[in-house]
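**Q** Take this structure, written in structure tokens, and hold onto it; I'll ask about it next.
The values are calculated or read from the model by the stated rules, or taken from the named source; none is laboratory data. Computed from a prediction, not measured in an experiment: that's the story for all the values here. Cβ coordinates were reconstructed from backbone atoms using ideal geometry, including for glycine residues, and neighbour counts include every protein chain displayed. Side chains are part of the model used for accessible areas, which takes the heavy atoms of the whole protein and leaves out ligands, DNA and RNA. Shrake-Rupley method; radii C 1.70, N 1.55, O 1.52, S 1.80 Å.
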Amino acid sequence: MAETEEMEDIDAMFSHLLGEMDHLSQSLTAAANTPEVPPSLQEESSFSIGFTDLNESLNELEDHDLDALVADLGCKSSQPELSTPPQSSSLPDDRTPPPPAMTLAESPPSSNTAESSQTKAEKIKLALEKLKEAKVRKLIVKVLMGDGSSKTLMVNERQTVRQVLDKLLEKTHCDSSIDWSVCETNPELQIERGFEDHEYLVELLCAWTRHSENKIYFVLRPQKYVMFTDPQLFYMWKKSKTVLSGVNQQAKELLIKEHFGGALIVPDLEGTLYLKEDGKKVWKSRYFVLRASGIYYVPKGKTKSCSDLACFVHFEKVNIYTTSNYKEKYRAPTNFCFILKHPCIQKESHYIKFLCCDNEHTLLLWVNSIRIAKYGAVLYKNYQEAVKRASTLQGVDSALHTDQYNGLTTQVSPQTNPNPPKTTNVEEYPHEPPPDFIPPPPPGHI
């Protein structure tokens, strides 16, 4: 047993070394094929994500965000003061006092616009200088919305994804769902991943290459915390659909307490998946088993006993990504695929692990069970914080709607209507009868 563990450690070290060499060779290849960039532009590109240059990203910031950035960098952004000549307290009799100075409200619109643009340009220049001197790394990030619009944020290296989510929820006025996520997409590999709430966004984005076409999205991901909203899917996965659908809320809470309340218990997931061979568009079925440390598989001619399992991948240095249209790209058996790779690997590599599932439900089980195994109790804390935050936002929204409703009823209440409708006495006629008016017959007329 000791020899087996020692061999696994050696294999892991060797695999890690090869991965570092592969990453280094990719960097050298990219550098060789990339045209030279001026040092100033290269330096500025390290401060923004999703923009061609830093100046563009700062221009996209809203005024109050730009003010906050400048203030946070230790600068006092102030409006340029207009120098006015001193006025004497007494004037000669033959002189008339000058007209009063023009106030900001009275100034011509054109000068307002020019002054405003000049002020923002000065703030941007100041922010550029201070960003390069800042001890805490900051990024100007463009976040894309589901409707095609975008928001620009300033994020520092100490902010978690949860804090960025709160900022986005505040800016977009979206609902208080726990499923809101910040996701990255890699168009070259056709993959995406939802960042975990405890991760630091700047650290994640710094793993991208300089000319990366990756993008950041703010979207709803219904599966983000499905392991807590429907834990029976993962810890009772062998049961029938009828049994799973009959699990009540109390039973769900007991499952969560049992598997996350003390020592983490990883779902005992296992089954047949398709594995892509290195460098080929060929997929072969293997029997895989999930463990807390990683994924293991059953070699040919071996049994499913622990002693016969071989390590496929450890979770320590890799992240899990879902894929798009791999049936066409890599001739996968289905489009329900996922990959495991080091975050610094941004192009095709022999060190990316490609796996394919038979159906969407199997994909859901594996992707989220791997997240449970990799992040453990931290994932549960993220969920609890998301629920708490959503409850707070719901309370604020409810109070706001109540206030608005009360204000509306006050406006339409008859007691407070300043102009009540005028009533007309049916016995009164106007001075001039209408043209179609027919007078009543005289008394006694038949």
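**Q** So what is the orientation-averaged projected area of region 226-384, using the convex hull of its C-alpha atoms, in nm²? Working shown, then result.
**A** On the way: hull surface 41.4 nm².
For region 226-384, averaging the hull's shadow over all directions gives 10.3 nm².
**Q** What translational diffusion coefficient, in µm²/s and rounded to a whole number, does the Stokes-Einstein relation yield for region 226-272 at 37 °C and a viscosity of 0.692 mPa s, taking the hydrodynamic radius as the Kirkwood radius over Cα pairs? Could the numbers behind the result be given before it?
**A** Values: Rh = 11.1 Å.
Value of D from the Cα-based Kirkwood radius: 296 µm²/s.
**Q** What whole-number value in Å² describes the accessible area per residue of region 226-384 for a 1.4 Å probe?
**A** Values: 8030 Å² over 159 residues.
Heavy-atom SASA per residue in region 226-384 reads 50 Å².
**Q** Would you mind working out the magnitude of the charge dipole of region 276-374 relative to its Cα centre, with +1 at each Lys and Arg C-beta and -1 at each Asp and Glu C-beta, to the nearest 20 Debye?
**A** Working: 18 positive and 8 negative charges, 38 e Å.
Dipole of region 276-374, to the nearest 20 debye: 180 debye.
**Q** Output wanted: per-residue J couplings in Hz (rounded whole) for region 180-196, from phi through Karplus 6.51 cos²θ - 1.76 cosθ + 1.60, θ = phi - 60°, x for Gly and Pro.
**A** With the stated coefficients, region 180-196 comes to 5, 9, 9, 10, 10, 10, 10, x, 5, 8, 6, 9, 8, 8, x, 5, 7 Hz.
**Q** Follow-up question, since we're still on this one. Compute, for Tyr297, the solvent-accessible surface of its heavy atoms (probe 1.4 Å) with the complete set of protein chains present, and express it in square angstrom to the nearest 10.
**A** Near enough 70 Å² of accessible area.
**Q** For region 226-384, what % of the accessible area comes from carbon and sulfur atoms, probe 1.4 Å? Present the calculation step by step, with values, prior to reporting the outcome.
**A** Numbers: 4050 of 8030 Å².
Ligands and nucleic acids excluded, carbon and sulfur give 50 percent.
**Q** Here are some pairs, Lys239/Lys304; Lys257/Lys302; Lys167/Lys341; which of them have Cα atoms lying more than 25 Å apart in this structure? Can you show the working numbers first?
**A** Details: Lys239/Lys304 21 Å; Lys257/Lys302 36 Å; Lys167/Lys341 29 Å.
Pairs exceeding the cut-off: Lys257/Lys302; Lys167/Lys341.
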